[in-house]
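Taking it in order: structure first as structure tokens, then the write-up.
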Amino acid sequence: MKLAYLLALALCIPLCCTAQSKTDSLKTLLATAIRENDPDKAASHLSHIGYDFLTAHEYDSALSCYYRSIRYSTKKPDLTASTFECMGVAYNNKGFSDSTLFYYNKALALYEEARDTTHIVIIETNLSLLYKNLGLYEKSLEHAFRALTILEHQKPDRTLASCYNTIGAVYAKLEDYTNALLYYSKALAIRKQIDYTKGIGQSYNNIGEVYISLHQYDSALKNLFRSVDIKKNAGDRNAVGTTLNLIGETYLSQNKVKEAESYFRESLAIKKEFGERLNEAIALNNLGKVKLLSNDLPAAENFILEAEDHIRVAGSLDELRKNLELKVQLYSNRSDYKKALHFANELMIVKDSLLDHEKVESLTSMQIQYETEKKEQQISILEQDKALQHAEIKTKQTWIQSLIIIVTLITVIAALLYYGYRQSQRNKNRVENLLKELHHRVKNNLQVLSSVLSLQSRHLTDENAIQVIKSSESRVNTMALIHKKLYSDQDNRTINMKEYIQELVTYLMHTYGLSHKLEFTLNSTDIYLDVDKAIPTGLILNEIVSNAMKYAYNEHPAPALQISISAPQSSELILQVTDNGPGIPEAAQHETPQSFGLRMVKTLTRELKGKISVQSYTGTTFTLQIPVT
């Protein structure tokens, strides 16, 4: 991420700061501009102050200034573009890749409108690097070659070298080491030509990394130690940390565990000093690997779990894959095969995501589109533009409706294929395998939809919209949990309702922030329910429990929830949900439900040919009776 920071700031300087500017004097100028009601000057001063915070690595303070800057109406698109670019740099250094993509693209659009090829190339190169770090290699090459078509017709400079360098890094990730060395060598030649010392150190670092992959360790160490010397002389301590980690990996490949651990720890200390989440995670993963080789399992677990926290924020699929591989090995060594199998299954999904470019690009497109809509809505509110706000709310509603339709279509397709399975007994084994794969794909697609809904709800301010999206997300996860169990179990027809209810309620407690407050009791034996009845039953339970968590426990000192499921008669199943909230007023119990959720409960109950009743005294009890034969 260091390269993106340097590239973006290199051309933000003319617009975002004045020579030897001081924050205090800028604040005085800002106060004057606000007092004189001069929005253009106010926006400019705020961007200058934000840049001072940015160069001091105070990213939250910088972002606060930039958000205030774009609130002011300005007729300077170059200043707006530069502000968006600096916001991308700030989010990049904080490790929030979705926000980085959003603001880089906002800046790129303004630079393209102004035909500012210099800044266009910078943004394209940074986007290429960001996609490379996210494991989206095709997107990375697309932006890199787009920048290269402009750069190769200009005088050689740092940006051209950086573009060659990024292309080499992508080829290295794709294990095309011939092309990786070719483009790394091109980058090194340009950097030597323009006498760019820090870049020369980075190039030797990258060439050494390729030699590690080729198992040519003497060549690797020769280039890496040369890189360290150059970086130290240039005073680039952060970059030294990156190379030290690679030296550790080289020694580890040679089974020199003690030497490797020393370099990993030194690299980690430097990366923590600069707050680089992804590079911290890389060093932590490597230390976890060292401790596994030394059979120090508690220490290995600490390093691996700490690495995971950083990876989840940074969003690197490639590093997540390495982390999951270490977890599988850790729990296998502990003979905890249940956890090992769980992480092995998650590892398969991550590997599938890294290989399936079309699917990953589709998800990325959806994330960017949602993030764009979210940020535009925030800007609209800040500018108090009522017309634009209304249009975006309409767009948001359309997206929500579209997502619900997609979920319904996926469910219908799954049901149709399942019924086809029941009618195709002559080729039973083949159909079972197809059905299992279907549940796997449906589960994955539902998880993708859930991720998109989660992204949307995290940053909206409209409470009604948030509740709608959260409700949709819980319904999606209710169905995804069914398909997860159908994929995991050998019996692809029935669901263990005790296990299912436990997992569903645990998820809802986490969603509504009641994990450490709510006392949950489940009274049930192992009752198995056919999937045709399990899915609507799960949706009904989701709506009842969600309503309880939203409305029953407001300021309750000791919230409690009790669920019991039994089959006193083999032909009937009884599900009872009780909360200790204030209860539902008697008048409200007889009113026609207006919410979509309660209407869905009644509709699904009719489809199950069941009965549902409600009692409300000191709490509320829902009783659902379902025929099971």
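All of the numbers you see were taken from the coordinates with simple rules; none came from a lab. Since the model is a prediction, treat every value here as computed from it, not as a measurement. For neighbour counting, all protein chains shown are included, and Cβ atoms are generated from backbone atoms with ideal geometry for every residue, glycine included.
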**Q.** Spatially near lysine pairs across the range 508-629, Cα under 20 Å, sequence gap of 8 or more or different chains
**A.** 6
**Q.** 5 Å-binned pair-distance histogram of the range 217-280 (Cα, whole percent)
**A.** 4, 21, 28, 25, 18, 6, 0
(Q) What are the ³J(HN,Hα) couplings of the range 36-48, residue after residue, when phi is run through the Karplus curve with 6.51, -1.76, 1.60 and θ = phi - 60°? Round to Hz, x for glycine and proline. (A) 8, 6, 10, x, 4, 5, 4, 4, 5, 5, 5, 5, 4
Q) What list of ³J(HN,Hα) couplings, whole Hz, do you get for the range 121-131 from phi and the Karplus terms 6.51, -1.76, 1.60, once you set θ to phi - 60° and write x for glycine and proline? A) 4, 4, 5, 4, 5, 5, 4, 4, 5, 5, 5
Q | Inter-label distance for F225 and S185, nm, one decimal - labels placed 7 Å from Cα along Cα-to-Cβ | A | 2.4 nm
Q) What percentages, rounded to whole numbers, describe P(r) for the range 133-239 computed over all alpha carbon pairs with 10 Å bin width beginning at zero? A) 16, 45, 34, 6
**Q.** Residue-by-residue Karplus 3J(HN,Hα) for the range 501-512, coefficients 6.51, -1.76, 1.60, Hz, glycine and proline x
**A.** 5, 4, 5, 5, 5, 4, 4, 5, 4, 5, 4, 9
Q | Fully extended contour minus Cα-Cα distance, from S213 to K550, at 0.36 nm per residue | A | 116.0 nm
Q | Efficiency of FRET from Cβ geometry, S402 and L293, R₀ 51 Å, rounded to 0.05 | A | 0.55
(Q) Using the crude model of +1 on Lys and Arg Cβ and -1 on Asp and Glu Cβ, and no other charge, please compute the dipole size for the range 85-181 relative to its Cα centre, in debye to 20. (A) 200 debye
**Q.** Orientation-averaged projected area, Cα convex hull of the range 22-105 (nm²)
**A.** 5.0 nm²
Q) For the range 508-629, what is the Kirkwood estimate of the hydrodynamic radius, computed as the reciprocal of the mean inverse distance between distinct Cα atoms, to one decimal in Å? A) 15.1 Å
Q. To the nearest 20 debye, what charge dipole does the range 23-156 have about its Cα centre, counting +1 at the Cβ of each Lys and Arg and -1 at the Cβ of each Asp and Glu?
A. 140 debye
Q. Rounded to the nearest 0.05, what FRET efficiency is calculated for H57 and T506 with R0 set to 25 Å and r the Cβ-Cβ distance?
A. 0.05
